[in-house]
Amino acid sequence: MPRSASGGRRGLGARVGAPYLVPLLLAASAALAVWLARDRLLAWGRFPAGGERQVRQALANQVRAHLEDVYGFHAGGTVELSPVRYGDVSAAVEGGEATVVAMLEAEGRATWRDQAAAVSYIGRERFRMRPCGIAGWCGEGEQFRRLRGVLLALFRRDDALAAAAAPSRRRVLAWQIRVEREVAEVGEDFETVPPAGAPVRERARFTLRLEGGRWVPAP
């Protein structure tokens with residue numbers, strides 16, 4: 001018996017529409033899955049998962065540092081540090097912010113006024129980090145707070161000694177700084193250039209103590 005025209009059209013429609021049905025269903029399912037997971041995806045973009053482990057990884061990748069206005073009083077001065085190493089790291093992550101305590105080791109060069117000196121530093125620092133773009137976690141600019149404080153005291157000390165040494169010229173060559181709790185042990189290599197004659201190189205060792213938020217010479 002011949003099929004009716006309507007029956008033929010229904011059969012043709014079924015045969016033509018079926019291949020397109022599966023892709024449409026898959027696309028709809030994928031869209032639904034993305035919609036359901038949107039909160040997790042957005043949170044992942046803002047706050048990387050992994051807590052302390054990711055903070056450690058971010059710090060391991062931060063091998064350089066640039067510090068500005070280290071001379072103080074908005075008078076300039078910079079410190080370039082490389083390499084920088086963060087050891088014995090502990091991080092408390094809460095509310096999208098990490099409070100980090102780490103032992104920092106760094107080497108580099110300080111430049112201020114018309115002088116420059118090598119700098120090596122080891123000390124325990126406490127600072128904050130927040131989620132950021134490519135790095136995952138970024139510091140809030142506090143990683144070298146203690147180093148900055150010690151350098152500020154060293155610059156003031158050098159200014160005073162340079163004024164007392166006139167007409168000779170005093171020039172710092174290097175500082176070795178180690179901070180433990182509220183005490184900073186400093187080694188200083190310097191030279192004195194008299195008005196006439198060859199420069200004389202010397203080495204000094206002294207201690208600074210943190211009092212009232214400032215590093216001052218220990219008794």
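In segment 55-66 there is no residue that is more than 13 Å from the chain's Cα centre (by Cα) and either polar (S, T, N, Q) or in the same structural domain as A204 (by TED's automatic domain parsing) (or both). In the set E191, E211, E142, only one residue is among the acidic types (D, E) and either touching a Phe, Trp or Tyr at 6+ places or on another chain (Cβ under 7 Å) or closer than 22 Å to E105 by Cβ (or both); that residue is E142.
Okay, residues lined up against (1) in contact (Cβ under 8 Å) with a residue 12 or more places away in the chain; (2) crowded, with 19+ Cβ neighbours inside 10 Å; (3) outside the structural domain of A60 (by TED's automatic domain parsing):
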position	(1), (2), (3)
V119	yes, yes, no
G133	no, no, no
R145	yes, no, no
G149	yes, no, no
V200	no, no, no
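For A92, the criteria (1) exposed (fewer than 14 other Cβ atoms within 10 Å of the Cβ); (2) among the aliphatic types (A, V, I, L, M); (3) not in a strand (DSSP E or B) hold in every case but one, which is (3).
The strands (runs of 3 or more DSSP E) located wholly in segment 117-206 that include 1 or more residues which are out of contact with any helix residue (DSSP H, G or I) (no Cβ under 7 Å at 6 or more places or on another chain), on the phi < 0 side of the Ramachandran plot and at pLDDT 95 or above occupy 169-180, 183-193.
Residues checked against (1) of a type outside the set (A, V, I, L, M, F, W, C); (2) within 23 Å of the chain's Cα centre (by Cα); (3) under 23 Å from A60 (Cα atoms); (4) loosely packed, with under 13 Cβ neighbours inside 10 Å:
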{"site": "R157", "(1), (2), (3), (4)": "yes, no, no, no"}
{"site": "A160", "(1), (2), (3), (4)": "no, no, no, yes"}
{"site": "E180", "(1), (2), (3), (4)": "yes, yes, yes, yes"}
{"site": "P194", "(1), (2), (3), (4)": "yes, no, no, yes"}
{"site": "L208", "(1), (2), (3), (4)": "no, no, no, no"}
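The values are calculated or read from the model by the stated rules, or taken from the named source; none is laboratory data. Given the structure is predicted, the values throughout are model-derived calculations rather than measurements. Virtual Cβ from ideal backbone geometry, glycine too; neighbours counted across all protein chains shown.
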